[in-house]
1. What number of residues within the stretch 146-184 satisfy the criterion of being aliphatic (A, V, I, L, M) and either open to solvent by 60 Å² or more (accessible area, probe 1.4 Å) or under 24 Å from Ile60 (Cα atoms) (or both)?
2. What do you reckon, is Leu108 hydrophobic (A, V, I, L, M, F, W, C) and more than 10 Å from Arg80 (Cβ to Cβ)?
3. I'd like to check which helices (runs of 4 or more DSSP H) are fully inside the stretch 143-218 and have at least 1 residues that are within 12 Å of the chain's Cα centre (by Cα) and of a type outside the set (Ser, Thr, Tyr).
4. When you scan the stretch 5-24, do you find a residue that is modelled with pLDDT of 95 or more, among the β-branched types (Val, Ile, Thr) and farther than 21 Å from Thr65 by Cβ, even just one?
5. Which of the residues spanning the stretch 22-43 are small (Gly, Ala, Ser) and more than 15 Å from the chain's Cα centre (by Cα)?
6. Could you count how many residues in the stretch 12-24 are touching a residue at least 24 places away in the same chain (Cβ under 8 Å), surrounded by fewer than 22 Cβ atoms within 10 Å (Cβ to Cβ) and either at negative phi or of a type in the set (S, T, N, Q) (or both)?
7. Give me a count of the residues in the stretch 81-120 that are of a type in the set (Lys, Arg) and closer than 19 Å to Val180 by Cβ.
8. If you take the residues in the stretch 185-200 that are charged (D, E, K, R) and touching a residue at least 60 places away in the same chain (Cβ under 8 Å), which one is least open to solvent (accessible area, probe 1.4 Å)?
Amino acid sequence: GLHTHYGNIEALSGVDVEIGAGEIVTLIGANGAGKSTLLMTICGNPRPSRGRIVFEGRDITALATHEIVGLGIAQAPEGRRIFARMSVMENLQMGATTTKPEYFDEDLARVFSLFPILKERRSQRGGTLSGGEQQMLSIARALMSRPRLLLLDEPSLGLAPLVVKQIFRVVKEINERERVTVFLVEQNAFHALRLAHRAYVMVTGRISLSGSGRELLSNPEVRAAYLEGGA
């Protein structure tokens with residue numbers, strides 16, 4: 001029942017979404033539908049005007065963002081938002097600030113195995129990386145906090161098709177091998193729905209459809225709007 005406002009504008013209008021442990025759940029929708037607002041609301045900024053957010057049985061609606069991260073929720077935001085003047089290693093260190101120091105070497109080895117190019121670039125400034133490498137760094141930085149729920153906001157945006165395939169392959173591996181639950185917001189509906197266990201469609205701040213990824217891939221409305229050049 002989540003409602004979120006920007007001033008007098010209601011961006012989310014009674015959103016109901018459930019993400020089960022171990023799932024990949026995808027949210028698709030057009031630009032301006034409210035997808036990013038939902039992820040940001042989960043992370044505590046902006047605050048919902050009505051409704052509740054419950055994580056592992058705990059109401060986290062009123063918690064500060066750093067407390068939410070400490071509970072095991074991390075986000076790789078839209079537009080990557082890495083620290084451009086910091087090195088790759090420093091970005092990863094920032095991601096690890098909520099975890100115990102003794103985990104750092106293990107977690108660093110894990111993200112370098114997922115994204116080997118980051119190991120090669122570890123001394124390079126984030127702002128000098130390619131778009132795909134910056135997206136990898138954004139996801140890796142989030143993983144350094146050891147999340148149980150990973151929020152991914154448009155990870156394929158602006159990337160070459162080969163890089164998109166690599167990103168989605170890593171998301172699948174994170175979910176299957178490490179049992180990280182993933183809530184994926186995407187405009188690339190084809191890749192996202194193929195990857196998802198379940199999916200939702202958002203239209204102007206409301207959930208309009210839900211089902212398994214396979215069901216929505218074959219849904220005529222979804223195909224017309226998101227898979228066949230529709231709007």
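1. Initially, the stretch 146-184 is screened for residues aliphatic (A, V, I, L, M), giving 149-152, 157, 159-160, 162-164, 167, 170-171, 174, 180, 182, 184.
Still in the list and also either open to solvent by 60 Å² or more (accessible area, probe 1.4 Å) or under 24 Å from Ile60 (Cα atoms) (or both): 149-152, 157, 162, 180, 182, 184.
Residues in the stretch 146-184 being aliphatic (A, V, I, L, M) and either open to solvent by 60 Å² or more (accessible area, probe 1.4 Å) or under 24 Å from Ile60 (Cα atoms) (or both): 9 in total.
2. Working: hydrophobic (A, V, I, L, M, F, W, C): yes; more than 10 Å from Arg80 (Cβ to Cβ): yes.
Taking the combined requirement at face value, the residue satisfies it.
3. Numbers: elements: 161-178, 189-195, 213-218.
Of the helices (runs of 4 or more DSSP H) lying wholly inside the stretch 143-218, those with at least 1 residues that are within 12 Å of the chain's Cα centre (by Cα) and of a type outside the set (Ser, Thr, Tyr) span 161-178, 189-195.
4. Scanning the stretch 5-24 turns up at least one residue that is modelled with pLDDT of 95 or more, among the β-branched types (Val, Ile, Thr) and farther than 21 Å from Thr65 by Cβ.
5. At the first step, the residues of the stretch 22-43 found to be small (Gly, Ala, Ser) are 22, 29-30, 32-34, 36.
Listed by number, the residues that qualify are Ala30, Gly32, Ala33.
6. Filtering the stretch 12-24 for residues touching a residue at least 24 places away in the same chain (Cβ under 8 Å) gives 12-17, 19-24.
Remaining after also requiring surrounded by fewer than 22 Cβ atoms within 10 Å (Cβ to Cβ): 13-14, 16-17, 19-23.
Keeping just the survivors that are either at negative phi or of a type in the set (S, T, N, Q) (or both) gives 13, 16-17, 19-21, 23.
Qualifying residue count, the stretch 12-24: 7.
7. Going residue by residue through the stretch 81-120, those that are of a type in the set (Lys, Arg) are 81, 85, 100, 110, 119.
Now restrict to residues that are closer than 19 Å to Val180 by Cβ: 100, 110.
The qualifying residues number 2.
8. Of the residues in the stretch 185-200, the ones charged (D, E, K, R) are 186, 194, 198.
Those still in the list that are touching a residue at least 60 places away in the same chain (Cβ under 8 Å) too: 186, 198.
Working: Glu186: 1, Arg198: 66 Å².
Step by step, filter the stretch 185-200, then rank; the result is Glu186.
The values are calculated or read from the model by the stated rules, or taken from the named source; none is laboratory data. Values in this document were obtained by computation on a predicted structure and should not be read as measured data. In this analysis, Cβ positions are derived from the backbone assuming ideal geometry, glycine residues included, and neighbour counts consider all displayed protein chains. Quick note on the areas: whole protein, heavy atoms, side chains included, nothing else; ligands and nucleic acids left out. Shrake-Rupley method; radii C 1.70, N 1.55, O 1.52, S 1.80 Å.
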